[in-house]
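Asks: Pasting a structure below so you can have a look.
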Amino acid sequence: MHIPDSYLSPQTTVVMGAAMLPVWGAAVKKVKNNLTTKFVPLMAIGAVFSFVIMMFNIPIPDGTTAHAVGGGLLAIILGPWAACICISISLAIQALFFGDGGILAFGANCFNIAFILPFFAYYTYRLIAGNSEITSSRRWIGGLIGGYVGINMAALCTAVEFGVQPLLFHTANGAPLYAPYPLGLSVPAMAFAHLLIAGPVEGILTALVIRHFQASNPSLLNIMGNAGPVSVYRKLWWALGVLILLSPLGLLANGTAWGEWGLDEIEKMIGFIPHGMQNFSDKWHALMPDYGLPGLDNTLGQSAAVYVLAAIVGTALITGVTLLFGKLARSKNAG
Amino acid sequence: MAVPEWLLVPQEQISPNASIKTSFLKNRLRKVSFIDKTLEELTTVVRDEIFSEAIAGRDGLLQKINPAAKVVSIFILICVACLIRHIIPLLILNIWLLLLAYISSIPLSAFIKRVWLVVPLFTGIIVFPSIFNFIQPGTPLLSLFHFSQRIHFGPWVFPSVLAITSQGVWGAVILILRAGACISLAALLTYTTPWQSVLKALQKVFVPQIFVSVLEMSYRYIYLFLQSASEIFTARRSRSLGHTSTKEQRSFVSGAIGSLWSKAINLSKEIHAAMISRGYTGRPDTITNFRIRTLDWLWILFIVTVSALLIGGDRIFA
């Protein structure tokens, strides 16, 4: 489920990253208040744990194996806010050091795997487990369903992020610029894989580990103390529900992609062209009058030749300067 | 005494090293037990890390650039790669990245293997269906099949000609090239920068201290936990004979995860105690002795120029 770079448009990744900022802020504040000096070591080890269990192969009935995320499990044993931090850190390590999941797509990956997954898993678990005994079977049933729901919600978000790409970003003749499948294809495809395979794997794994703890060391299920009753978060749920309902509507609206308006569109929208933009646009044109050399008319053949020439000169310049840097760096070292 | 029947059944894997050396693809084709697969993945992480640390210590261009400047420039270039919309600028970018890898003393074979063997395989499989007009309508480039009539399949109706569309191919090529550029950039960063420097650079650039401290500690302990995990799996492997049921295997994995977690919790308590006894108050102080030199400023300037050229060229080529 890790989205690599290049599948999402930069605009989408910026929006997803911006959505994660308040979540991270709230998570650090909430968890740090509870843990104080324990924060860094516990979160670090939680992140390591999350990293390592993502690599475990889980045998599935047809004889092959699948990977689980373990996000639901982490949310159940550490609480959703702490799980959000741990999984985010683990995703950062994967993106930065192991090339697994994009660097630009980090915000989107965190939104799906470190936010949606643990929160849905945790509250489903709480709803089912309630205030039951720590050894009650309601606990592992809650884990089973929580893990299943969590990963499927995360998959749904991923599919929607993929699915809006061809809708929002395509060339004039309809060729997709990023992930090519529209919502009508990406959602069923992701749903199929996750409802049938990844979801059950995640759910069963969560349930089995909870049962393991119930049998061997029940105190591990209650490290953070009991969280408050679910009703406290009812407002949050309402807000989240409204957001989820609204977001597809906004995405289906006609028009240019948000933030990609031309100057005339901006004028239509806000009644005038911001002075700075007008200025910038003029200067840009002045700097490169349509990429042609002055004195040539813009016949097709000539302008094509000029473009090719410009490209060759540009490329040669870049190569030359790169080699120069290589020399510079080496001589500095020698000196 | 008769030999028990299960001992006569040939085993899935016997030789201790064979499975570790087999490639990813071979593993997919041959059924390898989940223990071997997990063990292989765990060792690959360590092997890759040792490999990149060795390259990071070499003498090359990117190794000389200040890590903060490098992180910023890689980030800028990934944005550029994602903004480019045409094949030629993307090709130029990719070739230039190969050149960068070369003058940074990264073995080109390893670099190309990591980028251009993985990307076309992975991204290629994902985008492959989108080049057909059954999935996405478009201008036909090459007609493959003519059916006598439109095909009705449940709620879907397909046109009577199966064709490869120009939009589909164009989109697929762009996506593969762009994915290649992004993976190359990430590889350039990891190959040429020791992880401590990446973390310090992050702190210098835009990431809050609290995240960097957690990240730093996590990264330190990953290898310990990889070792613990592979010990659990090796122990299991050396004790298994014959076949086990999927149910039994799953309960082993969940048991492994459970015991890893109790280890983790105990370790975090010990680390916390060690930190407190050394005077930790919740506000870590780190020593950063980064110097941004003229070379780094020049480098950033160069990267910005390259970005402007690529994006400008891309927009005008349209």
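The values are calculated or read from the model by the stated rules, or taken from the named source; none is laboratory data. Just so it is clear, the model here is predicted, and its values are computed rather than measured. Note that we place each Cβ from the backbone using ideal geometry, even for glycine, and neighbour counts take in every protein chain shown. For the accessible areas, the whole protein counts, side chains as well, though only heavy atoms, and no ligand, DNA or RNA atoms are used. Shrake-Rupley method; radii C 1.70, N 1.55, O 1.52, S 1.80 Å.
Asks: As an exercise, identify the trypsin sites (Lys or Arg not before Pro) in region A:1-66 lying in DSSP coil whose Cβ has no more than 15 other Cβ atoms within 10 Å.
Replies: In loop regions of region A:1-66 (DSSP not H, G, I, E or B), there are no sparsely surrounded trypsin sites (Lys or Arg not before Pro).
Asks: So, one more: Of B:R58, B:R239, B:R47, which is the most mobile in a GNM of chain B whose springs link Cα atoms less than 10 angstrom apart?
Replies: B:R239
Asks: Under a point-charge model restricted to the Cβ atoms of Lys and Arg (+1) and Asp and Glu (-1), what is the dipole moment magnitude of region B:33-182 relative to its Cα centre, in debye to the nearest 20?
Replies: That gives a dipole near 420 debye.
Asks: Based on the Cβ-Cβ distance of B:F206 and B:E231, what FRET efficiency does E = 1/(1 + (r/R0)^6) give at R0 = 41 Å, to the nearest 0.05?
Replies: 0.60
Asks: Place +1 on the Cβ of every Lys and Arg and -1 on the Cβ of every Asp and Glu in region B:182-318, take the dipole about the Cα centre, and give the residue among B:L215, B:S238, B:I292 whose Cα lies farthest towards its positive end.
Replies: Of B:L215, B:S238, B:I292, it is B:S238.
Asks: Go through B:I50, B:I151, B:I265 and list them by solvent-accessible area, largest first, probe radius 1.4 Å.
Replies: So, going from the largest accessible area down, we get B:I50, B:I151, B:I265.
Asks: Within a 10 angstrom radius of each residue's Cβ in A:320-329, how many Cβ atoms of other chains show up on average? Whole number is fine.
Replies: That average works out to 6.
Asks: Counting only C-alpha contacts under 8 Å and six or more residues apart, can you give the relative contact order of chain B as a whole percent?
Replies: 29 percent
Asks: Let me ask something else about it. Could you tell me the center-to-center distance, by alpha carbons, between region B:181-199 and region B:110-171 in angstrom?
Replies: 33 Å
Asks: Comparing B:A69, B:A110, B:A201, which has the greatest mean-square fluctuation in the GNM of chain B with Cα pairs linked when under 10 Å apart?
Replies: B:A110
Asks: Taking a threshold of 24 Å on the Cα-Cα distance, which of the pairs A:K32/B:K204; A:K327/B:K113; A:K38/B:K263; A:K327/B:K70 fall above it?
Replies: Those over the limit are A:K327/B:K113.
Asks: A follow-up question, please. Could you compute how much accessible area chains A and B hide from each other, both sides summed, with a 1.4 Å probe? Nearest 100 Å² is fine.
Replies: Heavy-atom accessible area buried at this interface is about 8500 Å².
Asks: Could you sort the residues of region B:59-94 by number and keep only those whose accessible area is reduced by 10 Å² or more in the all-protein-chain setting relative to the chain alone, 1.4 Å probe?
Replies: For region B:59-94, once contacts with the other chains are taken into account, B:D59, B:L61, B:K64, B:F75, B:I78, B:C79, B:C82, B:L83, B:R85, B:I92 lose 10 Å² or more.
Asks: Can you tell me the dipole magnitude for region A:10-252 around its Cα centre, using point charges on the Cβ only (Lys, Arg +1; Asp, Glu -1), in Debye to the nearest 20?
Replies: Charge dipole of region A:10-252: 780 debye, to the nearest 20.
Asks: Further question: Farthest toward the dipole's positive end in region A:10-252, which of A:A92, A:T124, A:A154, given Cβ charges of +1 (Lys, Arg) and -1 (Asp, Glu) about the Cα centre?
Replies: Projecting each Cα onto the dipole axis, the largest value belongs to A:T124.
Asks: While we're here: Once every DSSP H run of n ≥ 4 in chain B is given -39500 (n - 2.57) and the sum is divided by its residues, what mean residue ellipticity at 222 nm do you get, rounded to the nearest 500 deg cm²/dmol?
Replies: Value at 222 nm, helices only, nearest 500: -22000 deg cm²/dmol.
Asks: Please compute the contact order of region A:10-252 in relative form: average sequence separation of alpha-carbon pairs under 8 Å and at least six residues apart, divided by the residue count, as a percent.
Replies: It rounds to 19 percent for region A:10-252.
Asks: Starting from the residue with the highest accessible area, list A:C84, B:C79 in decreasing order, probe 1.4 Å.
Replies: The ranking, largest first, comes out as B:C79, A:C84.
Asks: Find the eigenvalues of the gyration tensor of the Cα atoms of region B:91-214, then list the square roots of 5 times those eigenvalues as equivalent ellipsoid semi-axes, largest first, in whole angstrom.
Replies: Ellipsoid semi-axes (Å, largest first): 43, 19, 11.
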